[in-house]
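The values are calculated or read from the model by the stated rules, or taken from the named source; none is laboratory data. Just so you know, these numbers come straight off a predicted model, no measurement behind them. Here the Cβ positions follow ideal geometry from the backbone for every residue, glycine too, while neighbour counts run over all protein chains shown. For accessibility, only protein heavy atoms count, side chains too; no ligands or nucleic acids. Shrake-Rupley method; radii C 1.70, N 1.55, O 1.52, S 1.80 Å.
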Amino acid sequence: MKVFLTGATGFIGSVLVPELLSAGHEVLGLTRSDGGAEALRAAGAQVHRGDLEDLDSLRQGAAQSEAVIHTAFNHDFTNFLAACEQDRRVIQALSEGLKGKDGPLLITSGTGIGNREPGQPALEKYGPDPNHPHPRAASELAGQAALDAGINVSIVRLPQVHDHHKQGLLTPAIELAQRTGKFAYLGDGSTRWPAAPVQDVARLYRLVLERGERGSRWNAVAEEGITSKEIAEVLGQGLGLPVVSLTPAESQQHFGWLAPFMAMDMLASSAYTRATLNWQPTGPGLISDLKKMTGL
């Protein structure tokens, strides 16, 4: 099918483009730059010019396609609430472009939305919750509104997606450690973050697209939870930096906008996703990629 892909030149999108093409799909990739357009054409994709602020361009891209995969997101986490509100508007525009079509709209969220019981993993069975404290719930609520309006919406929930160059929220944490001269974690370092290699995540998006199950939710989780202390110790060793534990007050001062994320225990399961889609991650683990990145 012809797929309109937002974030087509981004971290996940640039891996998803060849994944879709090799499976026989057409890709109409969103880009705002000449360099992005050139990269998409070189990969064998079609080009649609626009960006997340141009809602008309998003409606037009969706209207020209049979399905939409929305992976783009404004990663200015210093203003996370605004970014999540923008994503809500983007999902609404994409759903308007698909009005009257049966093709799926795949939207992206975070595994944290499925965390409902302290100490228990996030599960796919938990749907959008208007009272959920995580701002990314706005994306899922927009998806639910589109679903209620007749659009075939599915949700892919992401953990820390990684290769040996980027690792989700760990990338800015590493940059902070290099600026401050230490790698820090909160308390006893027992908070856990799930993770998955970017190649496996791209394959999951394709499987979800091809299944086309209305109202479905999927966890792109290869590793259920790696402790923040283990992550810090590996990065401290690889970067040659001391590793320190911080109190909550120290964490807020040190991490700034990252502090709330560092305090979250985000254990997540993908048992349902694996069994239903026969999705078996095969890429390297997060620690392995961190070691490769730092030369360990």
With every protein chain left in place and a probe of 1.4 Å, what is the accessible surface of Ser269, to the nearest 10 Å²? 10 Å²
Over what distance in Å are the Cα centres of the stretch 1-33 and the stretch 43-59 separated? 11 Å
Describe numerically, in nm with one decimal, the distance between label points set 7 Å from Cα along Cα→Cβ at Thr276 and at Glu96. 3.0 nm
Could you give the accessible area per residue of the stretch 73-173, probe 1.4 Å, as a whole number in Å²? 40 Å²
What do you get for the angle between helix 228-239 and the principal long axis of the chain? Use alpha-carbon atoms, 0 to 90 degrees, nearest ten. 80 degrees
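When the helices in the chain are scored as -39500 (n - 2.57) per DSSP H run of 4 or longer and the sum is shared across all residues, what 222 nm value do you end up with, to the nearest 500 deg cm²/dmol?
On the way: 12 runs with 124 residues, N = 296.
The helix contribution divided over the chain gives -12500 deg cm²/dmol.
Leaving out ligands and nucleic acids, and using a 1.4 Å probe, what accessible area per residue does the stretch 10-65 come to in Å²?
Value returned for the stretch 10-65: 48 Å² of accessible area per residue.
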Taking the Cα-to-Cβ direction at Glu230 and at Val244 and moving 7 Å from each Cα, how far apart do the two end points lie in nm? 2.5 nm
Got a number for carbon plus sulfur as a percent of the chain's accessible area, 1.4 Å probe? 48 percent
Cα-based Rg and Dmax for the chain, where Dmax is the largest Cα-Cα distance (Å): 18.8, 57
Taking the alpha-carbon centre of each part, the distance from the stretch 195-255 to the stretch 149-192 in Å is 5 Å
Determine ³J(HN,Hα), in whole Hz, for all residues of the stretch 120-129 in sequence, where each value follows from phi through the Karplus function 6.51 cos²θ - 1.76 cosθ + 1.60 and θ = phi - 60°; x replaces Gly and Pro. 9, x, 5, 10, 5, 5, 7, x, x, 10
Pick from Asp102, Asp200, Asp76: which is most flexible by mean-square fluctuation in a GNM of the chain where alpha carbon atoms under 10 Å apart are linked? Asp76
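Compare Phe80, Phe4 by solvent-accessible area with a 1.4 Å probe and give them largest first, with all protein chains kept in place.
Numbers: Phe80 25, Phe4 0 Å².
These residues rank, largest area first, as Phe80, Phe4.
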Amide H neighbours of Val47 at under 5 Å, excluding residues fewer than 5 places away on the same chain, with H built from the backbone geometry, are Gly29
Can you compute log10 of I(q)/I(0) for the stretch 150-239 with the Debye formula, treating each Cα as one identical point scatterer, at q = 0.12 Å⁻¹? -0.47
Cβ-Cβ FRET estimate between Asp188 and Glu210, R0 fixed at 41 Å, reported to 0.05: 0.45
With the cut-off at 29 Å, tell me which of the pairs Lys99/Lys166; Lys99/Lys125; Lys125/Lys182; Lys101/Lys125; Lys182/Lys292 have Cα atoms farther apart than that. Lys99/Lys166; Lys125/Lys182
